[in-house]
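The values are calculated or read from the model by the stated rules, or taken from the named source; none is laboratory data. Everything quoted here is computed from the prediction, not taken from an experiment. Virtual Cβ from ideal backbone geometry, glycine too; neighbours counted across all protein chains shown. To get the accessible areas, we keep the full protein, side chains included, count just its heavy atoms, and leave off ligands, DNA and RNA. Shrake-Rupley method; radii C 1.70, N 1.55, O 1.52, S 1.80 Å.
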Amino acid sequence: MAAAGSSVVRRVEELGDLAQAHIQQLSEAAGEDDHFLIRASAALEKLKLLCGEDKECSNPSNLLELYTQAILDMTYFEENKLVDEDFPEDSSQKVKELIRFLSEPEILVKENNMHPKHCDLLGDELLECLSWRRGALLYMYCHSLTKRREWLTRKSILLKKYLIDGISYLIQMLNFRCPIQLNEGISFQDVDTAKLLSEGIFSDIHLLAMMYSGEMCYWGLKHCADPQPENHEVDTGVSGASYATYKEPLDFREVGEKILKKYVSVCEGPLKEQEWNTSNAKQILNFFQHYTN
């Protein structure tokens with residue numbers, strides 16, 4: 001375990017140096033100071049100092065958390081630029097690069113086999129954030145692509161891959177934390193909050209992830225010829241254990257219906273007073289109901 005910890009420290013230090021160099025390039029290209037880049041750079045400087053100390057005594061979890069926070073800020077700056085420019089035609093490589101950056105913390109832990117469950121090292125909230133950011137990035141990119149008819153006629157297979165990856169990240173995000181079991185002697189003053197927690201919905205971001213997933217399933221059926229692609233698997237549970245073993249090929253219609261029905265139920269139930277919009281979700285559900293191959 002100590003050897004694995006030292007290996008993580010060395011690798012995090014290497015990745016931190018690469019990220020710092022990338023931030024320097026971004027800052028020079030931007031020509032002005034950016035809050036997110038400044039914060040990311042500060043986190044990496046702190047990381048460098050900690051790595052310079054006795055590596056055997058360094059806490060891999062703390063170092064990985066610093067690196068992850070820096071990556072989240074750095075990629076947020078780049079994502080905003082892509083969105084502001086409505087994803088230029090040559091955005092695919094940049095999107096892949098950002099996905100790679102956002103995947104690095106998880107990959108690092110898995111490669112070193114430091115914990116049976118890598119959430120023990122990164123924590124549920126950071127894992128959720130990494131999955132959310134990857135899924136939301138692909139959602140925004142696919143949204144831009146669906147408005148380009150000529151591109152769709154030539155590259156619908158590529159769109160399908162982006163959609164599958166995006167949906168997988170969002171559902172993974174929804175599955176990291178187990179729903180609160182209301183029969184465990186836990187009392188809640190707010191019954192609606194208790195219902196949300198029992199459904200595995202812990203924040204507004206969880207609701208957005210559900211809506212985004214359903215919308216991406218809709219795009220998959222509408223724009224991709226084969227609604228059930230081969231050789232792609234995803235945990236189709238909307239909430240539950242983070243490491244569920246049951247998986248099946250992604251069926252856009254089945255997954256979309258399941259997740260949007262739950263979204264509508266929650267928005268018109270416990271969240272009724274907050275007036276979440278369900279009109280788009282209902283239109284998509286109607287599309288699913290009348291869809292035929």
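Treating r as the C-beta distance of K261 and L158 and R0 as 41 Å, the FRET efficiency rounds to 0.90. Accessible area per residue was computed with a 1.4 Å probe on protein heavy atoms; M210 scores about 0 Å².
What area, in nm² and to one decimal, does the C-alpha convex hull of the stretch 121-183 cast on average over all directions?
5.6
Reducing the stretch 6-45 and the stretch 63-79 to their Cα centroids gives an inter-centroid distance of 8 Å. Extending 7 Å from the Cα toward the beta-carbon at both Q25 and L49 defines two label points whose distance is 2.7 nm. Karplus-based coupling profile of the stretch 205-216, in residue order and whole Hz: 4, 4, 5, 4, 4, 5, 5, 4, 4, x, 5, 5, with θ = phi - 60° in 6.51 cos²θ - 1.76 cosθ + 1.60 and x standing for Gly or Pro.
Can you tell me the length gained on complete extension of the stretch H143 to T292, counting 0.36 nm per residue apart and subtracting the Cα distance? Present the calculation step by step, with values, prior to reporting the outcome.
Working: separation 149, 0.36 × 149 = 53.64 nm, distance 2.31 nm.
Gain on extension, H143 to T292, equals 51.3 nm.
Each of the peptides 88-100, 24-36 was scored by the mean count of other Cβ atoms within 10 Å over its residues; in descending order, highest first, they stand as 88-100, 24-36. The calculated Kirkwood hydrodynamic radius for the stretch 70-174 is 14.6 Å, given to one decimal from all distinct C-alpha pairs.
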